[in-house]
Structure formats: structure tokens, C-alpha cells
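The values are calculated or read from the model by the stated rules, or taken from the named source; none is laboratory data. All values reported here derive from a predicted model rather than from experimental measurement. Cβ sites come from the backbone with ideal geometry, for glycine too, and all protein chains shown count toward neighbours.
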Amino acid sequence: MNKNSLHDYFINNSGNKIYKWIHYLDIYERHLNRFVGKSPVLLEIGVLGGGSLKMWKDFFGEGAKIIGLDINPECKKYECDGIEIFIGSQDSTNLIEIILSKYKNIDVVIDDGSHLMHHMIKTFNLIYNKMSSNGVYIVEDTHTCYWEEYGGGLLKEDSFIEFAKRKVDELNAPLSRNAVVTTAFTKSTTGISFYDSVVVFEKHPQAIRQAVITQGM
């Protein structure tokens, strides 16, 4: 297991290009440290220079399987031991199904792809319910949800950020007094975290809720 932090790797990177907002690294470590040394399967949508795929392999350690997905055929050259790259669009139902059929228990998904609203939502809907029951789904660069050229806009109903806000209600459906329908998402999700330009969904089967009172004499 590599004990270096993602910050160390990123700042000292002398290999392939990695393009990330620096504050994302703290978010990654907060939500992904529990997978270090556990041989997770990670899918990163958006390969660019290929450097982040190697960063993930180093971070998670021996046995980790890293998958990249990018629309640019040139990205195939970044494949190496433990890293496989698929070429195509993230909103291709057929391609996503091919990936999911080969990797049946993806633990971590990082969507750093097109950042287009309809792509982000469709990809989430294709993958989320089929990934590991204790997985983490991270959507990056959600500031594009406010940019018209990506299909976004403040309070625009079909932006990914508004989609994610509605998922908060879905998460709390059992306590909504039947105002919100309990779904597969509800039953399989333990939390949603909103950060500057990042939304993180954490999976874990919801248990029976118990309100307990303790007190002294």
C-alpha cells in the first residue's frame, strides 16, 4: 500500500498529465481512503492525459483495477498493467453495459467526462444501481451546472445539480410521510455530500431506522 497522499503524488507528478482542481484531492481522500489496500475497481470517465489513472493505481495500491472511459481514441495508448481504457461516449448505453458486464462490482466511479447535463444524468442512471453496494460515485466539475453552454443554468430543472438536489428528497423518502416514493436509490444510499464543484454519493444498504433515548439519573 502506498502511504503517500494524493497531494504528494499530484504535486510531484513527473509523468502523464493530470488536470484537477487542487481542493478535489481532499474530497477524494475523505471518501476514498477506505478503499486503499482493498483492491478496488475504479472507473474514471474522462482520461485526458492518462495521468490520473496512474495516480489512482498508486493511491489504492496493489491489486487495484483502474478503468478509463474517453471519447478520444488517442487515450487508448495510456493502457498498461492494471489499467484498461474503453473508447466511446459516456452516454452510450451499449458501451456502459459492456463495461458493467466485464466489471460487475465497480467500487468507485469518477465522472470527469463531458460535463454536459444530459450526459452526467444518463451516466449516473446507467451505472449507480449496478455498482458495488458499498461504492462511491463522484461527479466532478458541477460548476458547469450553472453554465448555459453545458446545458446548465441556475435552478434549471434538468441540470445535474437540480437532479442531485431531488436525490436528497429521495434519500429521505421513508421519513417524508409518503410525500416521496421510496426507490432503489433510497434503499441503497447512505449519504450525499455537496462540495464546491463536486457531488459525492455514498452507497450502503439502508437499515431499519431506530430512534433511541439514553439518559442518566
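Scanning region 112-126 finds one or more residues that are under 20 Å from residue 47 (Cα atoms) and either among the small types (Gly, Ala, Ser) or touching a Pro at 6+ places or on another chain (Cβ under 8 Å) (or both).
Does region 116-140 hold any residues that are in a loop (DSSP other than H, G, I, E, B), surrounded by fewer than 22 Cβ atoms within 10 Å (Cβ to Cβ) and touching an Asp or Glu at 6+ places or on another chain (Cβ under 7 Å), and which are they?
132
Restricting 71, 85, 96 to those that are surrounded by 18 or more Cβ atoms within 10 Å (Cβ to Cβ) and touching a strand residue (DSSP E or B) at 6+ places or on another chain (Cβ under 8 Å) reduces the list to 85. The numbered conditions (1) in a helix (DSSP H, G or I); (2) under 20 Å from residue 201 (Cβ atoms); (3) of a type outside the set (Asp, Glu); (4) out of contact with any helix residue (DSSP H, G or I) (no Cβ under 8 Å at 6 or more places or on another chain) are all true for residue 77 except (2). Residue pairs whose Cβ atoms lie under 6 Å apart, separated by 6 or more positions or on different chains, with the first residue in region 141-166 and under 14 Å from residue 119 (Cα atoms) and the second in a helix (DSSP H, G or I) and of a type in the set (Phe, Trp, Tyr), are 144/150; 145/160; 152/146.
Return the only residue of 187, 203 being basic (Lys, Arg) and surrounded by 14 or more Cβ atoms within 10 Å (Cβ to Cβ).
One residue alone meets the criteria, 203.
Of the residues making up region 169-217, those that are assigned to a strand (DSSP E or B), touching a residue at least 40 places away in the same chain (Cβ under 8 Å) and of a type outside the set (A, V, I, L, M, F, W, C) number 4.
Comparison of 106, 67, 85 shows that the only residue that is modelled with pLDDT of 95 or more, in a loop (DSSP other than H, G, I, E, B) and over 25 Å from residue 147 (Cα atoms) is 106.
Annotation note: of 172, 129, the sole residue that is closer than 22 Å to residue 93 by Cα and of a type in the set (S, T, N, Q) is 129. The number of residues in region 109-133 that are at negative phi and in contact with a Phe, Trp or Tyr (Cβ under 6 Å, 6 or more places away or on another chain) comes to 6. Considering each residue of region 1-59, count those that are in contact with a helix residue (DSSP H, G or I) (Cβ under 9 Å, 6 or more places away or on another chain), surrounded by fewer than 20 Cβ atoms within 10 Å (Cβ to Cβ) and of a type in the set (Asp, Glu), and give that number. Of the residues in that region, 3 qualify.
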